[in-house]
């Protein structure tokens with residue numbers, strides 16, 4: 001999916017999102033303002049070869065954030081390590 005990189009701009013890490021990686025199996029990304037939760041889930045699955053359980057979004061000053069919860073067999077901590085976040 002070549003559009004996946006146009007959907008996901010970059011991972012977003014703060015102390016709070018770092019806790020979510022460990023405790024809730026979630027990662028946060030800054031995403032395109034016009035994309036849907038389904039598109040975000042597909043992009044994450046295509047780019048990182050993980051299974052997504054749920055996506056929540058929030059509009060902020062920094063742009064649209066997507067909180068992506070991975071399914072239990074996909075570990076957010078492992079993906080964060082691959083992305084160089086931890």
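Some notes on this structure:
- Residue within region 76-86 that is outside any helix (DSSP H, G or I) and at pLDDT 95 or above present: no
- Of the residues making up region 6-20, those that are in contact with a strand residue (DSSP E or B) (Cβ under 6 Å, 6 or more places away or on another chain) and under 17 Å from residue 81 (Cβ atoms) are 10, 11, 12, 17, 20.
- Just one residue in the set 35, 44, 61, 50 is closer than 16 Å to residue 12 by Cα and modelled with pLDDT of 95 or more; that residue is 44.
- Within region 18-65, the set of residues being in a strand (DSSP E or B) and touching a residue at least 40 places away in the same chain (Cβ under 8 Å) comprises 26, 27, 28, 63, 65.
The values are calculated or read from the model by the stated rules, or taken from the named source; none is laboratory data. These figures come from a predicted structure and were not determined experimentally. Glycine gets a Cβ as well: all are built from the backbone with ideal geometry, and neighbour counts include every protein chain shown.
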